Structures are given as C-alpha cells and as structure tokens.
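J.: Okay, here's the structure, questions in a sec.
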Amino acid sequence: MAGWALLPLRAFLGITFCFAGLQKLANPAFFEASNPISIQAQLHGALRRSPVHALLSPLVHVAVPLGVLIALAELAIGAGTLLGLWARVAAVGGAVLSFFLFLTVSFHSSPYYTGADIVFLFAWLPLVLTGSGGVLSLDAYLAERTRRAAGAEPSAVVPIPFAVVRRVCGAFDAGRCTMRHGAPCEPAPCPFLAARPPRPPRLAERELDRSTFTTKGVAAAAAGLAALVTGGAAAAAGRLAGGSSTAPSTPGLSPRRTGSPSPTTPTSRPPGGGSGPPAGAKPPGTALGPATAVPVGGAASFNDPATGDPSLVVQPQSGTFLAFDAVCPHAGCTVEWDPAAKFFVCPCHGSEFNGRTGAVETGPAATGLAPIAIAEGPDGQLYAK
Ligand code: FES
C-alpha cells in the first residue's frame, strides 16, 4: 500500500517542482540582475547570510547558467516524480536541491519551520525510501514490459493470507484433509498448492536489469526532451508576455513593474521637504540613475553600492525619495513593493514593512528594513551613500 499512500505527496511534489521550474524559466525578472527576485540578487543575499557562503562566491559569476540549471533540474525532478520515472533518483535530486536552498535561502528562517525548504527536504525522504512504490509508475511498467519481452516470470510476489489457503484447500489434520472428508492430503485440487506449469527458463537477473535500465534510459531521454521543449516554450512565452529584458548595469535604477505604470518627472519639490540636496550642490555618494526612473507612488530597484544588496527606492510623493535594503531580515528573501498597499511585502513568508520607514508592520520578520541614505542631485540623478 505504500505506493498508494504516498501518491498524494508524490503528486504534490511533482506538480510543485514542475511549476517552480517553469515559473523561473517564464519569468524574465528571474534573470534580470537588477531585479530583487533575480537569481543574482538571491545569490548576493546568500553570500551575506548562508553558512556555506564561501562555496557560493564562484557561483556569482555564473548566476544565469546556474538559474537555468536550477529551473531545469526542478522541471526534471517534477516530471520524474509525476511520471514515476527514475522516481527514486528524482526524489534524491529533490532532497538535494531542497537542502541546497535551505542552506542558501531559508537557513535563518525563524522559527525554523517557517522556511519551506526544510519541509520539502523531509517531504522528499519517504519517496527516497520507496520510489514510486510501483503505483502509476513508468518505472514499474517498463520493468514489467522488459520482463515480459524477455519471457521471464512476472516479478510480483502476491501474498495470500494463510486463512484463505485453509478455507480453500482445507486443513491438515494428522495426515488427513478436512476438505476431503478425512481422505489423505492431496494438493492437486488446491489452486495454491497444485503443481505449477513448468517454468520458463530462468533469465539472469543482471541481464534483465540491464535491459530495464536501457529502456528506462530511453524513456527518460524522451521525457527530458519533452521537458526541455516545454521549458523553452515557457521561457519564450514569458519573454513575449513580459517583453525582452536586458539586465541594466548595476547599481543603475530599474523601475519595478509593480509600480505606477508611467514614470513621472518630479516637477515640483515641497519647500524644505523631500530628500534633495541644497540647490546647486551635488550630493556625496554613487550615482544610481535618473530620478525619473522612479515613478511617483512606485519603486525602482538598484544594488546598494556599499553592500551590493538588492535595494529599493520609492517616491511616495513627488520629489521625495526613500531607499531601503530589500533583503528581508527574517530569512533573507528579497522584498517587493506593493503599490496598492504602499508597503514592502516579502514574498516568502508575508512580512510587511512600512513604505515610509521600513519598520515591520506584519511578521514573522522581527526587525525592519535597513534605510539607505539617498538624495537627488541638481543633475537629476539619485545618489546613494
Ligand atoms: S524571508 Fe520570511 S518573511 Fe521575508
């Protein structure tokens, strides 16, 4: 029954990993360096917090190929789990990937159970132990087909309760059979004990294993090709829907798609208000890009020149600019700007932060977003210290 009992878990993990892989491939923002949800931003965040940060440094230089690899791995793991093809290998892959994400993304989740990756890691373990359990499984189908093609006996062992055997065949009692009214025991009438037809010649199990391995390899290659085509189609559809995106050089400003649809040039500055410098004075710090890239009521992202962290600048009213480190203090996900609520919202566990102060409004984060000093120069550029 193990295969049937684990079927809901298998379906959930398979669908979730397929969805996660396709979503990454279809979302151009995942590969856009200046976007807070990009693989680059997540790697930079992990470099600061992960217990294995030393191992991650070289990966920063290959962030895009790594992102593609992770997405394809998720797709392959999900497809293998759903189809029951190399199911145990897929489960091991899922556990390894979840462990990697736990170490890099959600290691500091507090309490620990709010991080999804540790839950995924343990959810994979039953499938690592049982595989597909032979239920709705290409593994089982291909193995059986190979045995039949080779003329071998079916591999299934069917347990029959002893009570059934006794009921059908009678009980032995001092050499006599109760079913035969005390006549000497004779197995012939009993379907379980009667002599079997001659067995087909026994094939070497190793030979069968090799044939099964080859058949499953061909099936895996076909499924992999289908997954690649599906992933490619998802990536193309994502780019068509979201437009092509070229990563702007950091620390340049990149308007968030969730912001106000049309950037507005600040034309008037509140007297004595806003964050602009005294007239004519160029503020200290690194130029991020034109202030017009930040829509009024919206946000733009940049990488903090001081720390390299993904960061967000908002313009709550014309001419007022506020900037915050976008790394969520809870477990290091990158927060996003919600233009309707005027809050920063963390996509991982739902923490919300005040849009003007960065203070926590809703946990589980315990502390607020770190502010970044920012000012608009007379040249219309934003400068971060
Ligand atoms: S990482 Fe958990 S709420 Fe942000």
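No value in this document is a laboratory result; all are computed from the given coordinates. This is a predicted model, so every value here is computed, not measured. FYI the Cβ positions are ideal-geometry reconstructions off the backbone, even for glycines, and counts take in every protein chain you see.
J.: So, by mean Cβ neighbours within 10 angstrom, what's the order for 62-68, 82-88 with the highest one leading?
T.: Working: 62-68: 15.9, 82-88: 22.4.
In decreasing order of mean packing, 62-68, 82-88 become 82-88, 62-68.
J.: I've got another one for you. First select every other residue whose beta carbon is under 14 angstrom from the beta carbon of residue 22; then total the charges, Lys and Arg +1, Asp and Glu -1.
T.: Local charge sum for residue 22: +1.
J.: Something else: R0 = 45 Å: FRET efficiency of residue 125 with residue 361, Cβ-based, nearest 0.05? Walk me through the numbers on the way to the answer.
T.: Working: r = 37 Å, r/R0 = 0.82.
Efficiency, rounded to the nearest 0.05: 0.75.
J.: Moving on. Could you compute the FRET efficiency for residue 59 and residue 108, with r as their C-beta to C-beta distance and R0 at 25 Å, rounded to 0.05? Don't skip to the answer; put the middle values down first.
T.: Numbers: r = 19 Å, r/R0 = 0.76.
Efficiency computed from Cβ-Cβ geometry: 0.85.
J.: Give me, ordered by chain and number, the residues 5 or more places off residue 33 or on other chains with an amide H under 5 Å from its own placed amide H.
T.: Those qualifying (amide H under 5 Å, at least 5 residues apart or on another chain) are 247.
J.: Also, I was wondering about something else. Check the straight Cα-Cα distances from residue 385 and name the lysines below 30 Å, setting aside those fewer than 8 residues away within the same chain.
T.: 282, 342
J.: Rank the residues 351, 301 as a footprinting-exposure proxy: fewest other Cβ atoms within 10 Å of their Cβ go first. Write down the numbers at each step before the final one.
T.: Details: 351 25, 301 32.
Listing 351, 301 from fewest to most nearby Cβ atoms yields 351, 301.
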